[in-house]
1. Do we find that Glu118 is within 27 Å of Asn350 (Cβ to Cβ) and touching a residue at least 24 places away in the same chain (Cβ under 8 Å) in this structure?
2. Quick one: in segment 139-185, which of the residues that are among the polar types (S, T, N, Q) and part of a helix (DSSP H, G or I) is farthest from Cys100 (Cα to Cα)?
3. Answer yes or no as to whether Ile197 is surrounded by 13 or more Cβ atoms within 10 Å (Cβ to Cβ) and without any contact (Cβ under 8 Å) to a residue 40 or more places away in the chain.
4. Find the residue count for segment 360-374, including only residues that are at pLDDT 90 or above and either closer than 19 Å to Ser168 by Cβ or in a loop (DSSP other than H, G, I, E, B) (or both).
5. Inspect segment 315-326 for any residue being surrounded by fewer than 16 Cβ atoms within 10 Å (Cβ to Cβ), among the acidic types (Asp, Glu), in a loop (DSSP other than H, G, I, E, B) and without any contact (Cβ under 8 Å) to a residue 40 or more places away in the chain and give the result as yes or no.
6. Pick from segment 272-292 the residues that are surrounded by fewer than 23 Cβ atoms within 10 Å (Cβ to Cβ) and aliphatic (A, V, I, L, M): which of them is farthest from Val251 (Cα to Cα)?
7. Limited to segment 116-138, what total is found for residues that are modelled with pLDDT of 95 or more, on the phi < 0 side of the Ramachandran plot and not in a strand (DSSP E or B)?
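The values are calculated or read from the model by the stated rules, or taken from the named source; none is laboratory data. Computed from a predicted structure; not experimentally measured. Note that we place each Cβ from the backbone using ideal geometry, even for glycine, and neighbour counts take in every protein chain shown.
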Amino acid sequence: MDFIRPAWVEIDLGKLKYNFLQLRKLVGDRKIIGVVKADAYGHGAERVSLLLEKLGVYALATASLEEALVLRKHGVSVPILVLGYVYPEALPIAAKNNVCVTLFDKDFVKRLKEYKGEQTLNVHINVDTGMGRIGIMPKEAVETSKIIMQLPKVRLHGLYTHFSTADSDLSFAKHQLTNFQNLLEQLREIGIRPPVIHSANSAAIINFKESYFDAVRPGIILYGLSPFDYPIDTFKPVMSFKARIVYVKKVKPGRSISYGRTFISEKEMTLATIPVGYADGLPRALSNIGEVLVKGRRAKIVGRVTMDQTVIDVTDFPYIHPGNEVVIIGKQGNEEINAMDIAKKIGTINYEIVSRIGKRVKRIFKEEEDGEEV
């Protein structure tokens with residue numbers, strides 16, 4: 001045990017491989033664009049991306065060009081699609097590194113006309129069929145596509161949309177799909193058919209197979225987490241979040257714990273401190289309501305979660321001492337706490353729980369029984 005700080009995340013690459021193969025069974029011969037933005041939802045984008053490439057992923061998707069270039073630096077060679085904004089000045093860098101950019105504002109065509117890079121720039125158009133975030137409207141997409149087709153150093157490589165309710169309201173998702181299909185028909189009538197058309201996110205991959213086109217864009221399901229507000233068994237969680245107890249003490253009745261004195265002991269208690277706080281991704285909203293696992297049992301968080309440390313109640317637990325393993329996310333014995341359990345307790349989603357685990361928490365990548373520290 002050579003950790004500088006006894007708090008770490010374990011990433012089981014065997015389970016990531018399992019999830020990818022399950023996904024391949026679901027989508028058949030469709031191309032898979034693995035979404036690895038936000039450090040692969042907190043799972044470590046470099047290692048995740050390299051394994052996905054080895055498994056045959058068609059392309060990867062990031063939120064920014066910066067994220068894409070980090071992957072290139074670490075040896076990732078498959079195409080990368082940036083889902084967010086790229087500065088016009090950076091377009092030659094994107095093209096040089098085989099990074100596709102997204103056009104989501106019709107006025108960005110002016111910047112594409114000015115593109116003078118040496119390499120051809122691949123562009124995907126994001127069509128807003130109902131997401132209401134970014135994207136050009138369907139009625140603008142035909143003319144925009146026609147203009148791009150005429151540009152000498154720019155290639156219309158893809159066209160996509162994003163569902164806002166594939167996890168909750170399929171009727172609206174179907175409305176979005178109809179809008180998208182109508183656009184595709186209009187483009188077909190004038191002889192335009194981009195090589196890669198895609199729309200299905202994780203939720204749509206599972207319950208909206210009509211939305212499959214040339215490619216699908218799995219995100220959360222790659223990491224074994226559910227895109228719905230209920231668990232699914234098809235995929236296996238890849239991440240565990242753990243720490244070790246660093247301090248144990250007994251307190252008498254009337255002792256206040258942590259900032260704000262929000263917890264006062266009503267009896268003699270045994271309390272333990274773990275070196276994890278909200279700066280590490282343990283939400284402050286879990287103060288006095290959260291739980292962790294110690295020796296296969298649930299231990300309640302007492303007092304406020306602070307930036308770097310949290311106190312837990314281990315009263316009546318068998319012999320607690322510094323060094324005992326604590327599971328924040330994952331299994332221990334017959335008990336399990338998953339990201340959805342935490343999310344529901346504080347009124348958010350599992351995406352937020354895993355993606356906010358801080359960089360200062362060491363990632364340990366496990367391949368079968370062996371682990372590699374990074």
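1. Values: within 27 Å of Asn350 (Cβ to Cβ): no; touching a residue at least 24 places away in the same chain (Cβ under 8 Å): yes.
Answer is no for this residue.
2. At the first step, the residues of segment 139-185 found to be among the polar types (S, T, N, Q) are 144-145, 150, 161, 164-165, 168, 171, 176, 178-179, 181-182.
Add one more test, that the residue is part of a helix (DSSP H, G or I), and what stays is 144-145, 171, 176, 178-179, 181-182.
Values: Thr144: 17, Ser145: 16, Ser171: 31, Gln176: 24, Thr178: 26, Asn179: 24, Gln181: 23, Asn182: 25 Å.
Ranking the candidates gives Ser171 first.
3. On the way: surrounded by 13 or more Cβ atoms within 10 Å (Cβ to Cβ): yes; without any contact (Cβ under 8 Å) to a residue 40 or more places away in the chain: yes.
When the stated conditions are applied, Ile197 passes them.
4. 2
5. no
6. Ala279
7. Narrowing segment 116-138 to residues modelled with pLDDT of 95 or more: 119-138.
Those still in the list that are on the phi < 0 side of the Ramachandran plot too: 119-129, 131, 133-134, 136-138.
Imposing the further condition that a residue be not in a strand (DSSP E or B) reduces the set to 119-120, 128-129, 131, 133-134, 137-138.
Residues meeting the conditions: 9.
Residue-by-condition table, conditions (1) out of contact with any Ser or Thr (no Cβ under 8 Å at 6 or more places or on another chain); (2) modelled with pLDDT under 95:
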residue	(1), (2)
Arg298	yes, no
Met307	yes, no
Val314	no, no
Tyr319	yes, yes
Gly330	no, no
Glu335	yes, no
Asn338	yes, no
Gly347	yes, no
